[in-house]
């Protein structure tokens, strides 16, 4: 057996991608829960966020949208803001934003150099070298950038869980827990109670702990009370109401009316928006918030891949949701869109996700399933995905969509489209091209199931636009 070579640290003037490749290769496990190693390198880097108001956001679903709303409102209010989220969709730089703009390659490379120097200090005899996972390394690098910017507010999205996630080495002034449901069970536990306890690990004694899950696990409430956190519960401490034109927020001491609906679409976005407003209310002594900034923040917020409706016909919806809880919200959002003769779903999921549970939530809302493979160590091929769709009770036969498209293009007579169909494809590119051609102008296409899937679709669209401009 050939011995694995030791990764070589990138040379000066190396590119961002060279650094990312290196960071991915230096740790034995892609996910390695625990805070000791991160805390040690944080101390070496002298990272201090105490001059900023830090919001840490955990949850199964909704945490990214909540982070985006917080950022948008704070920027509109004129505060200097840093936002850290993960994963990215197209470019790594999306994970770190200053004033709503992604940081540059040069900023990231400089930060990576600093983290590498700190973690490998043992090689010069001053301290023991520390091994960091990809997420831990990049988290520290992005916070190094933030700590040099004199930010007034920092918004941190938890990557996985909360208690043992790398962002939890930074002290939050306000912690937010959005939904709690089953996901990442191998790391967090197999029940909502167990997972809730992990997510509640971001709470701090005496600090606001905003819980927007309408039915939170008792473990979340118990932990908040046990450590003396200032617990804010949805319906008890804050809520929302609204009609088709506008909505209102009610908190402990503040009521905000005549609010515009967030630009983010989806059935659960008012829940996320009310959590953001509760968080801002809880720190209003340090970050006073004008009403107009809140209105503008909701109007201008942008978060790709979260029930993102693309312009044009047929209607195309992109959603990164990848668990049954997210699928249930997607179903509600689809129901709110009005009538479409047929709904197509281009569906791809990683092998460690509950595809059958996801399909169970959506099977009565989708007419035509198009199963595509996802590549990589955690990938699932289209045949295995098709089997999961059938196991969820979906009935439908393969249909010659390509033949129908060809018949229409050649002026022939297409075959009668069945009420239900189930097809597997060799690639996402093949499925996306075919389905967008085969769907009628008044149909809709839902692309759903994974960040990886949405990233590939956006790449396909970006390449198509580039090709069109070159013609």
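The values are calculated or read from the model by the stated rules, or taken from the named source; none is laboratory data. None of these values were measured; they are calculated from a predicted model. Cβ coordinates were reconstructed from backbone atoms using ideal geometry, including for glycine residues, and neighbour counts include every protein chain displayed.
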Would you confirm whether or not the stretch 310-319 contains a residue that is buried (at least 22 other Cβ atoms within 10 Å of the Cβ), touching a strand residue (DSSP E or B) at 6+ places or on another chain (Cβ under 7 Å), within 23 Å of residue 338 (Cβ to Cβ) and at pLDDT below 90? no
Could you pull out the residue among 453, 434 that is assigned to a helix (DSSP H, G or I) and either within 19 Å of residue 312 (Cα to Cα) or not assigned by TED's automatic domain parsing to the domain that holds residue 317 (or both)? 434
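Counting only residues that are more than 17 Å from the chain's Cα centre (by Cα) and in contact (Cβ under 8 Å) with a residue 60 or more places away in the chain, which one in the stretch 312-334 is farthest from residue 445 (Cα to Cα)?
Pass one, the stretch 312-334, residues more than 17 Å from the chain's Cα centre (by Cα): 312-316, 331-334.
Checking which are in contact (Cβ under 8 Å) with a residue 60 or more places away in the chain leaves us with 313-316, 332-334.
Details: 313: 10, 314: 7, 315: 6, 316: 5, 332: 16, 333: 14, 334: 11 Å.
Here the answer is 332.
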Any residue in the stretch 366-379 that's without any contact (Cβ under 8 Å) to a residue 40 or more places away in the chain: show its pairings with residues that are in a loop (DSSP other than H, G, I, E, B) and surrounded by fewer than 24 Cβ atoms within 10 Å (Cβ to Cβ) at Cβ separation under 6 Å, as long as the two are six or more apart or on different chains. 378/350; 378/351; 378/352
For residue 288, which of the numbered conditions (1) out of contact with any helix residue (DSSP H, G or I) (no Cβ under 7 Å at 6 or more places or on another chain); (2) under 30 Å from residue 90 (Cβ atoms); (3) part of a loop (DSSP other than H, G, I, E, B) fails to hold? (2)
Considering only residues that are assigned to a strand (DSSP E or B) and out of contact with any helix residue (DSSP H, G or I) (no Cβ under 6 Å at 6 or more places or on another chain), look in the stretch 229-246 and name the one that is modelled with the lowest pLDDT. 242
Of the listed residues (63, 42), the one being under 15 Å from residue 141 (Cα atoms) and modelled with pLDDT of 85 or more is 42
Please work out which residue is modelled with the highest pLDDT, limiting yourself to the stretch 265-285 and to residues that are touching a strand residue (DSSP E or B) at 6+ places or on another chain (Cβ under 9 Å), within 25 Å of residue 328 (Cα to Cα) and part of a loop (DSSP other than H, G, I, E, B). 265
Given (1) over 25 Å from the mean Cα position of the chain (by Cα); (2) part of a loop (DSSP other than H, G, I, E, B), where does residue 226 come up short, assuming only one miss? (2)
Per the list (1) exposed (fewer than 15 other Cβ atoms within 10 Å of the Cβ); (2) over 20 Å from residue 317 (Cβ atoms), residue check on residue 379 breaks on (1)
